[in-house]
């Protein structure tokens with residue numbers, strides 16, 4: 001009984017420490033699994049450019065309270081699980097500051113165990129970094145080929161089949 | 001080609017046009033407001049057309065809804081914007097085009113309750129089948145369109161540069177555009193962007 005209570009108390013302390021890290025770590029909030037980091041538009045561009053010549057990239061902007069985002073989310077996770085050696089999915093949550101724990105719970109449920117991001121800073125530079133074609137509505141998805149060129153930008157929800165076709169094209173060695 | 005073939009060809013062409021024209025591109029700066037005379041039902045129960053709400057100097061159309069967190073975060077600013085509109089003789093109307101949610105969280109009853117709770121002092125109308133949103137090319141909530149007295153678009157986009165957090169606002173785009181419209185000054189920028197909830201259209 002005492003041991004059980006002790007374990008429970010330790011877990012409580014861990015959760016509190018985790019939340020305190022989120023609150024006080026400001027622009028560099030980072031977690032274990034799933035990993036969640038804050039990102040500005042410029043930083044997102046660096047993340048995406050970092051995969052040029054290595055992998056295709058699918059950037060998806062979403063939020064836990066956005067029904068179409070939540071609906072398409074498992075399909076995008078499936079793409080990462082299927083093509084992880086040739087594709088990197090970069091999720092960016094636009095949930096409000098303070099919603100980090102909700103975001104992490106959602107990511108855990110979805111089986112996301114790779115670095116994931118949460119937008120910080122003003123909207124306009126972030127929108128510009130994602131795509132000039134983006135009006136600002138979510139969900140939004142940008143697909144970049146292995147050469148680092150954007151092949152598609154999608155505003156609104158898409159199906160697995162639509163994503164799969166576009167991602168296969170982006171992963172092809174000579175994709176343009 | 002017999003008459004039956006001509007009819008079928010015309011029908012196919014009409015269906016193609018209808019499908020491809022469902023959602024227009026965002027209204028261009030300088031373009032005339034579409035569908036300005038169609039009547040939409042206000043939370044007061046009265047039919048309202050954009051043209052009838054316009055003030056002496058123009059009209060502000062805000063695509064909005066009841067539940068989007070971006071709307072909720074910026075909603076307190078609606079009343080301040082409404083005051084700026086009145087002071088500058090510009091009409092204001094909120095439009096709910098979330099047709100996929102018009103039977104649930106964005107129903108007329110829910111809109112009435114929302115308008116009352118938030119003390120709206122401007123019309124809040126139901127855009128059945130998202131006709132107005134499709135014609136304006138509105139994509140999200142909130143998404144604002146400011147029209148001059150001839151109902152030509154002079155500003156489009158965001159309320160300000162920090163929808164999420166009012167304390168971080170440094171550029172009051174919409175408020176500035178309204179005062180510049182009324183005083184005949186150049187509106188710059190004429191188009192801005194902000195993140196918002198997609199308008200929930202029925203597929």
Can you bin region B:78-133 into rounded, prolate or oblate? Criterion: square roots of the alpha carbon gyration tensor eigenvalues sorted a ≥ b ≥ c, rounded for a/c under 1.5, prolate for a/b above b/c, oblate for the rest. oblate
Taking only Cα atoms, what is the 0 to 90° angle, nearest 10, from helix B:108-117's long axis to the longest principal axis of chain B? 10 degrees
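Please tell me the relative contact order of region A:31-171 in percent, rounded to the nearest whole number, where contacts are Cα pairs under 8 Å and at least six residues apart.
Result for region A:31-171 is 37 percent.
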Förster-model FRET efficiency, 25 Å R0, residue B:89 and residue B:41, C-beta, rounded to 0.05: 0.50
For residues of B:196-202, the mean tally of beta carbons on other chains within 10 Å: 5
What shape does region A:44-151 take by its C-alpha gyration tensor, where a ≥ b ≥ c are the square roots of the eigenvalues and a/c under 1.5 counts as rounded, a/b above b/c as prolate, and the rest as oblate? oblate
Note the angle between two axes, namely the Cα long axis of helix B:3-20 and the longest principal axis of the Cα atoms of chain B, as a number of degrees from 0 to 90, rounded to the nearest 10. 20 degrees
Across all Cα atoms of region B:103-185, Rg and the largest Cα-Cα distance (Dmax), in Å, are 14.9, 43
Label zone at residue B:28 (point 7 Å along Cα-to-Cβ), backbone N below 19 Å, region B:134-176: B:134-139, B:145-148, B:150-157
C-alpha long axis of helix B:76-87 to longest principal axis of chain B, angle in °: 90 degrees
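Find the relative contact order for chain B and round it to a whole percent, using C-alpha pairs within less than 8 Å whose residues are 6+ positions apart.
Computed over chain B, the figure is 27 percent.
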Between residue A:110 and residue B:165, what is the spin-label point distance in nm, taking each point 7 Å from the Cα along the Cα→C-beta axis? 2.3 nm
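Hey, with R₀ at 56 Å, roughly what FRET efficiency would residue A:162 and residue B:121 work out to, going by the Cβ-Cβ distance, to 0.05?
Numbers: r = 44 Å, r/R0 = 0.78.
That pair, residue A:162 with residue B:121, gives E of 0.80.
For chain B, give the share of DSSP beta bridges that are antiparallel, in percent and rounded to the nearest 5; count only bridges with both residues there.
If we restrict to bridges inside chain B, about 60 percent are antiparallel.
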So what's the gap between the Cα centers of region B:20-93 and region A:75-131, to the nearest angstrom? 33 Å
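Based on Cα coordinates alone, diagonalise the gyration tensor for chain B, multiply each eigenvalue by 5, take square roots, and list the semi-axes in whole Å, largest first. Don't jump to the answer; show the numbers that get you there.
Working: eigenvalues 186, 81, 52 Å².
Working from the Cα gyration tensor, I get semi-axes of 30, 20, 16 Å.
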Residue A:133 versus residue B:131, label points 7 Å from Cα toward the beta carbon: distance in nm? 3.1 nm
Based on DSSP H runs of at least 4 residues, each adding -39500 (n - 2.57), what is the mean residue ellipticity at 222 nm of chain B after dividing by all its residues, to the nearest 500 deg cm²/dmol? -9500 deg cm²/dmol
How far apart, in nm, are the 7 Å Cα→Cβ label points at residue B:112 and residue B:80? 3.2 nm
Average beta carbon contacts from partner chains per residue of B:154-163, 10 Å cutoff: 2
Report, as an integer, the average count of C-beta atoms from other chains found within 10 Å of each Cβ along B:64-70. 3
Based on alpha-carbon centroids, what's the gap between region A:133-176 and region B:126-203 in Å, whole number please? 27 Å
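A short reminder: the numbers here are calculations on the coordinates, not readings from a lab. From a predicted model like this one, the values you see are computed outputs, not experimental measurements. Note that we place each Cβ from the backbone using ideal geometry, even for glycine, and neighbour counts take in every protein chain shown.
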